[in-house]
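Written out below as structure tokens is the structure these notes cover.
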Amino acid sequence: MTVAASAPGRWRALALICAGVVCAMTSWFSATAILPDLVRDWDLGPGAQAWLTNAVQLGFVAGAVVASLVNLPDIVALPRLMAVSALVAALSNAVLLMEPGAGMAIAARALTGAALAGVYPPAIKLMATWFTRGRGLALGFLIGALTLGSSMPHLLRALTEGLDWRAVVIGTTAATGLAAALFGLGLAEGPHGFGRATFDPRQSLAVLRDRGVMLANLGYFGHMWELYAMWAWFLAFATAAEAEIIPFPTGSASMLTFLVVASGAVGCVLAGALSDRIGRCATTAWMMGLSGASALAIGFAFDGPGWLLALVALVWGLTVVADSAQFSAAVTELAKPHLVGTSVTLQLGIGFALTVLAIQIMPMVAGAMGGWRWAFLVLVPGPVLGAGAMLLLRRLPEAAQLAGGRR
């Protein structure tokens, strides 16, 4: 039986899932994109700036871990869970409009992250109910949607330069509310369901003992050490470089940041197609090799020429997230079927916990190095270790379960 015959409507479902994820994820970096404005208007110190960025990560970690412990993605209907979560994310994002001060804003950002833990991991499982073959490409589109959504606040800030920063918050809040409507009214689970689990926290421990799943997780953890720290602080790096390069490529640091993050959406789709042809392990190892090399090279292009900075930055943006989908695809293929939702959520929860540390130390590293030029060097070990884990997985018998036997 072909996938087309077994899952009619799968591309429409994928399009709706991706549209909803793009809209929902605009709230992730909504505060980061306007951080220079908030620093000026709220008189934020360096610590408050880092926590305002990191609060979303912490909230996501807490939400993902709690959801995995109670097996929430495996016991609640996925469209309902995603709709309610997106609505909560929209409301908590809107709190910024009230100018609540640093403490309340950080708490609201944490709630936004916790709510998005009910959108992104369940979206991966929901997609997998529609796709068996071609799952890598489908996940490439999905993570591409996450990437595009994450870049949108920077585009909004670039397009509304000179206007009040609240325009970015209003736009991202409206988009996240639209996501809630798309999830609640337009989606259903596909025919390739994984079955329902019952509440049992011990099932999370069973996930951690699975050798194949854990190697895929280790690859993902190395990838995550690099990814969100780069996304979170590239605007600071580009702003510092803007003072060194005249004229600055793309016109502004905000526009370059948008293009760098958004380029990852193309990388996700390309890596998804590639992984279904040459294998999950080979694709992820290649992408981490290229992104690690870019993290190493970006400092050399800091003071120009402008075309070189833009080229290295875009290659980095293209590759830094390109492999992200394939770690989740690997878990859906390696984990026990009734624990797929819990396995993916646990993977994401631990991975995002690492991003909290990486994001928090980046300003400290920049301060110790006298600026942002060489700060990204601290991210290089992540992709190096991640690529090693995936190459080790490629040699194990469990890898035969990946991408129809393509390792």
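Express the relative contact order of the chain as a whole percentage, based on alpha carbon pairs under 8 Å and six or more residues apart in sequence.
Computed value for the chain: 26 percent relative contact order.
Using θ = phi - 60° and the Karplus curve 6.51 cos²θ - 1.76 cosθ + 1.60, what whole-Hz ³J(HN,Hα) does each residue of the range 371-378 get, with Gly and Pro shown as x?
Values per residue, Gly and Pro as x: x, 8, 3, 10, 5, 6, 4, 5 Hz.
Classify the range 288-401: rounded, prolate or oblate, from the alpha-carbon gyration tensor (a ≥ b ≥ c, eigenvalue square roots; a/c under 1.5 rounded; otherwise prolate if a/b is larger than b/c)?
Verdict is prolate for the range 288-401.
Specify which residue in the list ALA322, ILE350, THR284 is farthest towards the positive end of the charge dipole of the chain, using unit charges on the beta carbon of Lys, Arg (+1) and Asp, Glu (-1), about the Cα centre.
THR284
Run the numbers for ASP37 and LEU97: contour at 0.36 nm per residue of separation, minus the present Cα-Cα distance, in nm.
20.3 nm
Relative to the longest principal axis of the C-alpha atoms of the chain, give the angle of the C-alpha long axis of helix 324-334, reported between 0 and 90° and rounded to the nearest 10°.
The answer is roughly 20 degrees.
Among (1) 20.9; (2) 23.7; (3) 24.6, find the value of Kirkwood radius over Cα pairs in Å that was calculated from the structure presented, and write down its label.
Only one listed value fits the structure, namely (1).
Rounded to the nearest 0.05, what FRET efficiency is calculated for MET364 and LEU396 with R0 set to 30 Å and r the Cβ-Cβ distance?
0.20
Starting from the Cα gyration tensor of the range 224-383, multiply each eigenvalue by 5, take the square root, and state the resulting semi-axes largest first in whole Å.
Square roots of five times the eigenvalues give 30, 18, 12 Å.
For the chain, what does the accessible surface come to per residue with a 1.4 Å probe? Please give it in Å².
36
Residue by residue through the range 97-108, what is 3J(HN,Hα) from phi via Karplus (6.51 cos²θ - 1.76 cosθ + 1.60, θ = phi - 60°)? Round to whole Hz and write x for glycine and proline.
With the stated coefficients, the range 97-108 comes to 5, 7, 6, x, x, 4, x, 5, 5, 4, 4, 5 Hz.
If you place +1 on the Cβ of every Lys and Arg, -1 on the Cβ of every Asp and Glu, and leave all else neutral, what size is the dipole of the range 39-130 about its Cα centre, to the nearest 20 Debye? The partial results should precede the final answer.
On the way: 4 positive and 4 negative charges, 48 e Å.
So the dipole magnitude of the range 39-130 works out to roughly 220 debye.
Grab the other residues whose beta carbon is less than 11 angstrom from that of PRO383, score K and R as +1, D and E as -1, and report the net.
Here the charged neighbours net out to -2.
Within the accessible area of the chain, what % is carbon and sulfur when the probe is 1.4 Å and the other protein chains stay in place?
Whole-percent figure for carbon plus sulfur exposure: 71.
For the range 7-36 and the range 90-116, what is the separation of their Cα centres, given in Å?
19
For the range 284-311 and the range 37-66, compute the distance between their C-alpha centroids and round to whole Å.
27
Can you give me the Cα centroid spacing of the range 168-182 and the range 221-258 in angstrom?
25
What does the charge dipole of the chain about its Cα centre add up to, to the nearest 20 debye, if the Cβ of each Lys and Arg holds +1 and the Cβ of each Asp and Glu holds -1? Spell out each step's value before the answer.
Values: 22 positive and 18 negative charges, 290 e Å.
Result for the chain is approximately 1400 debye, rounded to the nearest 20.
The values are calculated or read from the model by the stated rules, or taken from the named source; none is laboratory data. Because the structure is predicted, anything quoted here is derived from the model rather than measured. Quick reminder, even Gly has a Cβ in these numbers, built from the backbone with ideal geometry, and neighbours come from all protein chains shown. Accessible surface areas use protein heavy atoms only, side chains included; no ligands, DNA or RNA. Shrake-Rupley method; radii C 1.70, N 1.55, O 1.52, S 1.80 Å.
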